[in-house]
Amino acid sequence: MRSLLIAAALFLPLSAYAEVKVVEPWIPEAPPNAQALGAFMVLENDEDREVKVVSAWAPGFDTIELHKSVEENGMHKMIKQDALVIPPMGSLELRPGSYHVMLIGVHKPPKAGDVIPLRLDFEGLPSQTIQVPVKKRAEMMKRMAPMQGH
């Protein structure tokens, strides 16, 4: 009986250990007077249910928020999100002009080549810390252009 309980315990929590795959994360190099930066990446979900990013944290910033950029009446603005939703068996692209992680209150502007540890907190899944490279914005925008049609 005991071995049956142990076996059941091993199989039941498997979905709790599922992990969101983070593809090509990056943060743009900051100008010296930057007060906020965006973190961009693609989040892939292999679960058969939606996964929510509910918060994030990184050293060197006062506040970190989840945002979506929108254009209304010719004005560009950012709207704070309670969560970023990754669809079941799908992905969510965080990119300039769309969803992103907003890093507010920059203590020391990062330069290309730096790496910033960014913790993503998920609803119902363990947090995940990723190493996000700082890259030149122009270089990354060129690489992302073919992905814009997705």
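Could you grab the pairs with beta carbons closer than 7 Å, sequence gap of 6+ or different chains, first residue in the stretch 22-48 and touching a residue at least 12 places away in the same chain (Cβ under 8 Å), second one acidic (Asp, Glu) and buried (at least 16 other Cβ atoms within 10 Å of the Cβ)?
Pairs that qualify, where the first residue is touching a residue at least 12 places away in the same chain (Cβ under 8 Å) and the partner is acidic (Asp, Glu) and buried (at least 16 other Cβ atoms within 10 Å of the Cβ), are VAL23/GLU44; VAL42/GLU93.
Taking the condition closer than 20 Å to ILE27 by Cα, more than 11 Å from the chain's Cα centre (by Cα) and loosely packed, with under 14 Cβ neighbours inside 10 Å, does ASP48 pass?
Spelling it out, it is not the case that ASP48 is closer than 20 Å to ILE27 by Cα, more than 11 Å from the chain's Cα centre (by Cα) and loosely packed, with under 14 Cβ neighbours inside 10 Å.
Looking at this structure, is PRO126 touching a helix residue (DSSP H, G or I) at 6+ places or on another chain (Cβ under 8 Å) and either loosely packed, with under 15 Cβ neighbours inside 10 Å or at pLDDT below 95 (or both)?
Yes: the conditions hold for PRO126.
Residue by residue through the stretch 42-68, note down the ones that are at negative phi and either modelled with pLDDT under 95 or not in a strand (DSSP E or B) (or both).
Result: ASN45, ASP46, GLU47, ASP48, ARG49, GLU50, ALA58, PRO59.
Against the definition (at negative phi, out of contact with any strand residue (DSSP E or B) (no Cβ under 7 Å at 6 or more places or on another chain) and either buried (at least 17 other Cβ atoms within 10 Å of the Cβ) or aliphatic (A, V, I, L, M) (or both)), how does MET102 come out, yes or no?
It is false that MET102 is at negative phi, out of contact with any strand residue (DSSP E or B) (no Cβ under 7 Å at 6 or more places or on another chain) and either buried (at least 17 other Cβ atoms within 10 Å of the Cβ) or aliphatic (A, V, I, L, M) (or both).
Taking the conditions exactly as written (under 25 Å from SER127 (Cβ atoms), at pLDDT 95 or above and out of contact with any helix residue (DSSP H, G or I) (no Cβ under 7 Å at 6 or more places or on another chain)), does TRP26 satisfy them or not?
Taking the combined requirement at face value, the residue does not satisfy it.
Using beta carbons and a limit of 6 Å, which pairs, at least six apart or on different chains, have the first residue in the stretch 88-117 and in contact (Cβ under 8 Å) with a residue 24 or more places away in the chain and over 11 Å from ILE27 (Cβ atoms) and the second one of a type in the set (Lys, Arg) and part of a strand (DSSP E or B)?
Close Cβ pairs (under 6 Å, with a partner that is of a type in the set (Lys, Arg) and part of a strand (DSSP E or B)) amount to TYR99/LYS68.
The values are calculated or read from the model by the stated rules, or taken from the named source; none is laboratory data. Given the structure is predicted, the values throughout are model-derived calculations rather than measurements. Note: ideal-geometry Cβ built from the backbone for every residue, glycine included; neighbour counts use all protein chains shown.
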